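Below is one structure; the comments refer to it alone.
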Amino acid sequence: MRSRYAAYCVLNFQYIVDTYATSVRKEITLQDIEASAQGTRWTALNVVSSESSGTKGQVQFKAFYRLSSSFYVLHELSDFVKEGNRWFYSTGIIQEDSGELKVQRNSPCPCLSQLKYKRCCGK
Ligand SMILES: [Zn+2]
């Protein structure tokens with residue numbers, strides 16, 4: 001999960017494709033991943049919870065990103081499956097509070113830097 005986020009940050013889309021579970025990977029193309037990530041700059045990842053039992057795992061996370069000058073959050077509940085010794089992404093349910101963030105100049109920066117927005121990304 002964290003490694004997939006890191007791969008998005010450095011635009012390593014092949015890794016994203018390769019870490020899809022076998023059952024869904026055939027429906028995923030490198031071009032799709034590239035197109036969906038166009039112009040997106042990821043700023044922070046917050047893993048809300050994660051649990052696993054046997055070969056099934058679930059991760060709830062909030063990933064923050066910028067697109068042009070706006071901030072967004074992707075809040076997702078993701079399912080992972082274990083194949084061999086590795087976890088692979090299967091599906092994700094995007095939560096309703098995902099979307100554009102309204103950021104005040106004096107509020108904490110959504111990149112989770114712990115600085116005020118005006119002293120961080122809002123400069
Ligand atoms: Zn910031």
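What follows is calculated from the coordinates using simple rules that are stated; it is not laboratory data. On a predicted model such as this, the values are computed, not experimentally measured, just so you know. As a convention, Cβ positions derive from the backbone with ideal geometry for all residues, glycine included, and neighbour counts pool all protein chains shown.
Across segment 102-123, what is the number of residues that are crowded, with 16+ Cβ neighbours inside 10 Å and not in a helix (DSSP H, G or I)?
7
Specify which of the listed residues (25, 41) is among the charged types (D, E, K, R) and more than 24 Å from residue 114 (Cβ to Cβ).
Values: 41 fails: more than 24 Å from residue 114 (Cβ to Cβ).
25 is the lone residue from the list that is among the charged types (D, E, K, R) and more than 24 Å from residue 114 (Cβ to Cβ).
If I go through segment 72-85 residue by residue, how many of them are crowded, with 16+ Cβ neighbours inside 10 Å, in contact with a Gly (Cβ under 8 Å, 6 or more places away or on another chain) and touching a residue at least 24 places away in the same chain (Cβ under 8 Å)?
The total comes to 5.
Where residues in segment 27-71 are closer than 13 Å to residue 4 by Cβ and within 16 Å of the ligand (Cβ to nearest atom), which of them is surrounded by the fewest Cβ atoms within 10 Å (Cβ to Cβ)?
Per the stated criteria, the residue is 42.
Mind listing just one residue for me: the one in segment 97-123 that is within 15 Å of residue 62 (Cα to Cα) and hydroxyl-bearing (Ser, Thr, Tyr) and, of those, nearest to the ligand (Cβ to nearest atom)?
So, considering only residues that are within 15 Å of residue 62 (Cα to Cα) and hydroxyl-bearing (Ser, Thr, Tyr), the one nearest to the ligand (Cβ to nearest atom) is 113.
Go through segment 1-26 and give me each residue that's farther than 30 Å from residue 108 by Cα, exposed (fewer than 13 other Cβ atoms within 10 Å of the Cβ), touching a residue at least 12 places away in the same chain (Cβ under 8 Å) and not hydroxyl-bearing (Ser, Thr, Tyr).
If the condition is that a residue be farther than 30 Å from residue 108 by Cα, exposed (fewer than 13 other Cβ atoms within 10 Å of the Cβ), touching a residue at least 12 places away in the same chain (Cβ under 8 Å) and not hydroxyl-bearing (Ser, Thr, Tyr), then 14 is the only one that fits.
Scan segment 110-123 and report the pairs whose first residue is without any contact (Cβ under 8 Å) to a residue 40 or more places away in the chain and closer than 13 Å to residue 66 by Cβ and whose second residue is of a type in the set (Val, Ile, Thr) and more than 8 Å from the ligand (Cβ to nearest atom), with Cβ atoms within less than 6 Å and a gap of 6+ or a chain change.
Short answer, once both residue conditions are applied: 117/103.
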